[in-house]
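The values are calculated or read from the model by the stated rules, or taken from the named source; none is laboratory data. Since the model is a prediction, treat every value here as computed from it, not as a measurement. Backbone-built Cβ (ideal geometry, glycine too); neighbour counts: all protein chains shown. Accessible surface areas use protein heavy atoms only, side chains included; no ligands, DNA or RNA. Shrake-Rupley method; radii C 1.70, N 1.55, O 1.52, S 1.80 Å.
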Amino acid sequence: MSTSTLSRPRASTPAGPPKRRRVARNGGFASSFTVNALLILGCAYMVLPVVWLFFASTKNTADLYGTAAYAFGEPAFMDNISAVLNQDGGLFLRWMANSMFYAAFGAIFGGLISVMAGYAFDKFQFRGKDSFFGIVLVGVLIPNTATVLPMYLLASVFGITNTIWAILIPVLCNPFGVYLARVYSAAYVPAETLEAARVDGAGPIRSFFSLGLPMMMPGYITIALFQFVGVWNNFMLPLVMLQDQQLLPVSVGISIWQGYSIPQPEFTPMVITGSLLSIIPLLVAFIMLQRFWKSGLTAGSVK
């Protein structure tokens, strides 16, 4: 019998229907287009107001209402900055300094307290641990504005209203920072490292400051940056707690000028220019710390 008779033709694998493959490609294109369109809309939603703020800050009062939104008018940017800085004897600079102080205090010390609490929830075992952490999660769900009135009543009892302590003490508490710190602790600090330190004679406090905190530094920077932005943008708490204009942050101070702009339209360019100047520290903080908070977000997202 010949070899041609013994050999059998190899069965070919039937290819998928061309129509199904075409539908899959079209579906992938539609999904990619949708995602990109949503990203573009999100970027426009965040960037366009800042761009408008820049254009509007270069205009005087007449051009502000008489020209297109995204168009330059008569050059008045330096005049607007001069008016902002010289109004009420340079009160705007005092507001900026107050905001910087409140935000930096909350970022450094509030962030550190959050990191310590998250580290304790992750590494220590104590009675009621899960219940206490559940209370922290409930605190994450409560909006900050809902706690302003109770905090004002407490501050009135202790007699610290219209003082800097009415702002500094509340910014030390950040439930969302505690939650993030627990996630970062689980991702950054191995239990074996702490056990080795314990064998070498290091106590819990020394282990945290010598090992835990340096390992959690990217997470600490991320939490501190979130806290800095949150305190800087905080409006309701200082509005309720403070009456002295020398103690106000820039967010509340600009809102006071906004109220003046109704009977006095010349305050409108000052409000817009002051708003533009008030976001510069936030941009500087993000640019300087982006290396830390980017790595912190990446590592904190994977446990």
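At-a-glance table
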item	result
Residue that is surrounded by the most Cβ atoms within 10 Å (Cβ to Cβ) [pool: residues in region 232-252 that are more than 23 Å from Pro143 (Cα to Cα) and not charged (D, E, K, R)]	Leu247
Residue within region 209-219 that is in contact with a helix residue (DSSP H, G or I) (Cβ under 8 Å, 6 or more places away or on another chain) and not in a helix (DSSP H, G or I) present	yes
Tally, over region 54-107, of residues that are basic (Lys, Arg) and open to solvent by 40 Å² or more (accessible area, probe 1.4 Å)	1
First in region 270-285 and over 16 Å from Asp88 (Cβ atoms) and open to solvent by 20 Å² or more (accessible area, probe 1.4 Å), second anywhere and assigned to a helix (DSSP H, G or I) and among the small types (Gly, Ala, Ser), Cβ under 7 Å, 6 or more apart	Leu276/Ser57
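Per-residue answers, yes or no, for (1) among the aliphatic types (A, V, I, L, M); (2) part of a helix (DSSP H, G or I); (3) without any contact (Cβ under 8 Å) to a residue 60 or more places away in the chain; (4) buried (at least 18 other Cβ atoms within 10 Å of the Cβ):
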{"site": "Asp122", "(1), (2), (3), (4)": "no, yes, no, yes"}
{"site": "Phe126", "(1), (2), (3), (4)": "no, no, yes, no"}
{"site": "Pro150", "(1), (2), (3), (4)": "no, yes, yes, no"}
{"site": "Ala187", "(1), (2), (3), (4)": "yes, yes, no, yes"}
{"site": "Thr222", "(1), (2), (3), (4)": "no, yes, no, yes"}
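Quick grid of which residues meet (1) under 23 Å from Asn234 (Cα atoms); (2) modelled with pLDDT of 90 or more; (3) not assigned by the TED database to the domain that holds Phe226:
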| position | (1), (2), (3) |
| --- | --- |
| Ile40 | no, yes, yes |
| Val47 | yes, no, yes |
| Val50 | yes, no, yes |
| Lys59 | no, no, yes |
| Asp63 | no, no, yes |
| Ala68 | no, no, yes |
| Ala97 | yes, yes, no |
| Gly110 | yes, yes, no |
| Val115 | yes, yes, no |
